[in-house]
Protein chains: 2
Amino acid sequence: MKNNQNQKLIYLDYAASTPVDAEVVSAMAPYWTEEFGNPGSLHFMGQEARRVVDDAREKIKKFVNADSLRNIIFTGSATEADNMAVYGAARGFTNSHRLVMPHIITTAIEHEAVLESCRDLEKNGLARVTYLKAGKDGIVDVADLENALSPETALVSIMYANNEIGAIQPIAEIAEIIHQWKKFSGIVSDWPLIHTDAVQAAGFLNMDARKLGVDLLTISGHKIYGPKGVGALYVRDGINIYPWLRGGGQEYGMRAGTEPVPLIVGLGRAVELAEQWKSSADNIKNMLKSRDHLLDKLLTIPGVALNGSRERRLPNNINVALTNRDFDTIMIGLSQAGVCVSSGSACAARGQKPSHVILALGCDEKRARSSLRVTLGKYTTEKELDDFYKILQNMLK
Amino acid sequence: MKNNQNQKLIYLDYAASTPVDAEVVSAMAPYWTEEFGNPGSLHFMGQEARRVVDDAREKIKKFVNADSLRNIIFTGSATEADNMAVYGAARGFTNSHRLVMPHIITTAIEHEAVLESCRDLEKNGLARVTYLKAGKDGIVDVADLENALSPETALVSIMYANNEIGAIQPIAEIAEIIHQWKKFSGIVSDWPLIHTDAVQAAGFLNMDARKLGVDLLTISGHKIYGPKGVGALYVRDGINIYPWLRGGGQEYGMRAGTEPVPLIVGLGRAVELAEQWKSSADNIKNMLKSRDHLLDKLLTIPGVALNGSRERRLPNNINVALTNRDFDTIMIGLSQAGVCVSSGSACAARGQKPSHVILALGCDEKRARSSLRVTLGKYTTEKELDDFYKILQNMLK
């Protein structure tokens, strides 16, 4: 990769987007011009398209350890899967509890796709929402969750790993608390549903939805070396969320629209590759080693401080505050030097708002406006990290 | 294209899906592994991704003659764009007319993406819907439309060309009637909004949204030799439909989610190619000639009758009833002979229901269950049509 000054780029923004793996590109290739049937068609080309869609579905099913193919709903993005989970749970609950306003528990550090869906429901009087705080380490306090639960709770949506600071939430423990609370309260229904946005976690952590104890789980293609434009929502057997897109009845009636065959095939291949990569302890260990080496060097610079927990953190994530520095000048300088890093999530960058995640950790606005996210990927080299460090160090002198 | 008996296929189902044009595949290619930035990122790679997204947006803007870039909202499919138009108009109207239930006028021959969205709103008491009938020719009666209009009408959604029978609706005339009715009724607001699903029309007819007089217009990638997984909704300047996906504020706050850069680039190239193709009078003329040659031969077969108007019809569409025949056996036989044609829309095929379009023309269920759609594409050859005719003729003997 080079920029328009033909400068070699140092890409350290893998949490924003990953390149598509060459094997995924190859897997998608036949489905553009050759095997282009509509999976809804009854003829041979349609049936072949349908077969490969379900073949990919089988791979996602395996990846998240789902019970059946119909537990996997393909969407156009993780944002869509998150919206489908939040609105779908709220509407599903409303349908079965006519006179009760659904209550949603989520966190102040969620991705905007969940937060904005919750805010929209609140604004329209369609749900009441509790936003759990996170500690300085970026981890949600499970006691707060227990206090927030009520028989009116329709959904608990807590991300698996945070997109800005990589904080890993104790999802299995959270699910267990909810299940225990339900038992204790004598609640025998499926409510509240438990959703986790596992977009950032998918490349690194165990994705067994049944072990995690969740009902709904979101993944994205382009964060795991798959294509942009496709995501998936795991929906546990037997639960009732309200369907999303209306039309031709695709995706078991949950999400209408012609299935984007090449993208679905690409997502299927991407989860296989992700599973392979993270199954190798060496891959994770080496990434952690590289990450920690860079982090330790960064922390020797005066005024540099880590945001969030060091231990309960994705192995590819660094997020540091550069206090008492002209942060905007640094960001511009890094970009001019061919370094791709981030000042927050890519989705929020455009809004130029201070990071809601860093604010939620109890940090002030200044820190929330001067935090740098550096995220490693499977193609990251030691040399890139060293070069990045030297460039940043020179800038901070 | 060959099937699993290594038989040369005769693909005549271009209305269900088209192969991606090789030029579109090339246009998308750099954006998988090389230029994979997230358009939301502020660094060089992100800005480059954003530039190409807006470059494609400019192409769609030109294609539909929109006022500004922000009139073009990319979606994950035409179904999503249709849902966004229907729900967005109903919710937008509700927000500005608190105590009035929105009224929607649509047709009984619409695509399921519009029909099912309307039915869902009805079911939930969120809208009242009038379904206009079509004549035997498949054309909506404008007098019925005039009678249905009321100050409570939030949306009129009428497709530009039908996906099953290719019937071309007089959209400009319809829009003019609505504008005149508004003037006559002293309505100065933007309501009712006028939406047209132009998915099937885009490859053949004039797409100037301003000349058509519509506020909302849907297009799809994979019906015009672009990729599956992307569509767009034209939203006229200044009108207020309720935003669709919530999250990072992409697509001018109307549809959140990381922009699928390669697909958007592909759609941009596809509309350019579509414009080129249909601008050549020879292309349309030759297709019409081939189509009519086949149709005339088909109509010599006893019991074969055309569904819908012959004149007010897309140049690539044939839809004939094969009455007094064992239709299912014919369909299976055609598929076995390597012929890809359709018994209705691909979206509805799976449901095995009789075609709601043929029924709406006043035909009986038997005819709605025994109608064959044959749709030509830019790669269709005379030989394919001749071979198809011979195969069908043999089967009907």
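Summary table
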quantity	calculated
Candidates B:ILE139, B:ILE158 - the one that is crowded, with 23+ Cβ neighbours inside 10 Å and under 19 Å from B:LEU361 (Cβ atoms)	B:ILE158
Criterion (within 13 Å of B:ILE165 (Cβ to Cβ) and without any contact (Cβ under 8 Å) to a residue 40 or more places away in the chain) met by exactly one of B:ALA360, B:ALA368, B:ALA321	B:ALA368
Residue match in region B:219-234 (condition: surrounded by fewer than 20 Cβ atoms within 10 Å (Cβ to Cβ) and either under 12 Å from the mean Cα position of the chain (by Cα) or in a loop (DSSP other than H, G, I, E, B) (or both))	no
Looking only at region A:116-136, and only at residues there that are among the charged types (D, E, K, R) and surrounded by fewer than 20 Cβ atoms within 10 Å (Cβ to Cβ), the one that is farthest from A:HIS97 (Cα to Cα)	A:LYS136
Residue within region B:367-383 that is touching a Gly at 6+ places or on another chain (Cβ under 7 Å), in a loop (DSSP other than H, G, I, E, B), modelled with pLDDT of 90 or more and under 30 Å from B:LEU115 (Cβ atoms) present	no
Within region A:38-66, considering residues that are assigned to a loop (DSSP other than H, G, I, E, B) and out of contact with any Lys or Arg (no Cβ under 6 Å at 6 or more places or on another chain), the one farthest from the other protein chains (Cβ to nearest Cβ)	A:ALA66
Flag for B:ALA49 being within 24 Å of the chain's Cα centre (by Cα) and small (Gly, Ala, Ser)	no
Criterion (more than 13 Å from every other protein chain (Cβ to nearest Cβ), free of Cβ contacts under 8 Å to residues at least 60 places away in the same chain, closer than 23 Å to B:GLU382 by Cα and of a type in the set (Asp, Glu)) met by exactly one of B:ASP326, B:ASP296	B:ASP296
Residue match in region B:292-312 (condition: under 28 Å from B:GLU110 (Cβ atoms), within 18 Å of the chain's Cα centre (by Cα) and not hydroxyl-bearing (Ser, Thr, Tyr))	yes
Check on A:THR79, touching a strand residue (DSSP E or B) at 6+ places or on another chain (Cβ under 7 Å), among the hydroxyl-bearing types (Ser, Thr, Tyr) and crowded, with 19+ Cβ neighbours inside 10 Å	no
Test: residue in region B:67-82 that is touching a residue at least 24 places away in the same chain (Cβ under 8 Å), within 12 Å of chain A (Cβ to nearest Cβ) and of a type in the set (Lys, Arg)	no
Tabulated pairs, region A:193-204, first among the aromatic types (Phe, Trp, Tyr), second buried (at least 24 other Cβ atoms within 10 Å of the Cβ), C-beta under 6 angstrom, 6+ apart or interchain	A:PHE204/A:LEU314
Filter result (of a type in the set (D, E, K, R) and closer than 21 Å to A:GLY203 by Cα) within region A:283-327	A:LYS285, A:LYS289, A:ARG291, A:ASP292, A:ARG310, A:GLU311, A:ARG312, A:ARG313
Residues being among the polar types (S, T, N, Q), touching a helix residue (DSSP H, G or I) at 6+ places or on another chain (Cβ under 8 Å) and closer than 19 Å to B:GLU110 by Cα - total across region B:174-216	1
Region A:19-37, subset part of a loop (DSSP other than H, G, I, E, B) and either at the interface with chain B (Cβ under 7 Å from one of its Cβ atoms) or touching a strand residue (DSSP E or B) at 6+ places or on another chain (Cβ under 9 Å) (or both), residue surrounded by the fewest Cβ atoms within 10 Å (Cβ to Cβ)	A:GLU34
Subset of region B:237-273 (residues that are surrounded by fewer than 24 Cβ atoms within 10 Å (Cβ to Cβ) and among the small types (Gly, Ala, Ser))	B:GLY238, B:GLY249, B:GLY253
Filtered residue count, region B:91-113, keeping only those that are buried (at least 24 other Cβ atoms within 10 Å of the Cβ) and assigned to a helix (DSSP H, G or I)	2
Yes/no for A:ARG128 being without any contact (Cβ under 8 Å) to a residue 24 or more places away in the chain and in the same structural domain as A:PHE184 (by TED's automatic domain parsing)	no
A:VAL357 within 22 Å of A:LEU205 (Cα to Cα) and within 14 Å of chain B (Cβ to nearest Cβ)	yes
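Residue-by-condition table, conditions (1) at the interface with another protein chain (Cβ under 9 Å from one of its Cβ atoms); (2) free of Cβ contacts under 8 Å to residues at least 60 places away in the same chain; (3) among the small types (Gly, Ala, Ser); (4) part of a loop (DSSP other than H, G, I, E, B):
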residue	(1), (2), (3), (4)
A:ASN240	no, no, no, yes
A:PRO243	yes, no, no, yes
A:GLY249	yes, yes, yes, yes
A:GLU259	yes, no, no, yes
A:LEU267	no, no, no, no
A:ALA270	no, no, yes, no
A:ALA274	no, no, yes, no
A:ASN283	no, no, no, no
A:ASN286	no, yes, no, no
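The values are calculated or read from the model by the stated rules, or taken from the named source; none is laboratory data. Not measured: the values here are computed from a predicted model. Positions of Cβ are backbone-derived with ideal geometry, glycine not excepted, and every protein chain shown enters the neighbour counts.
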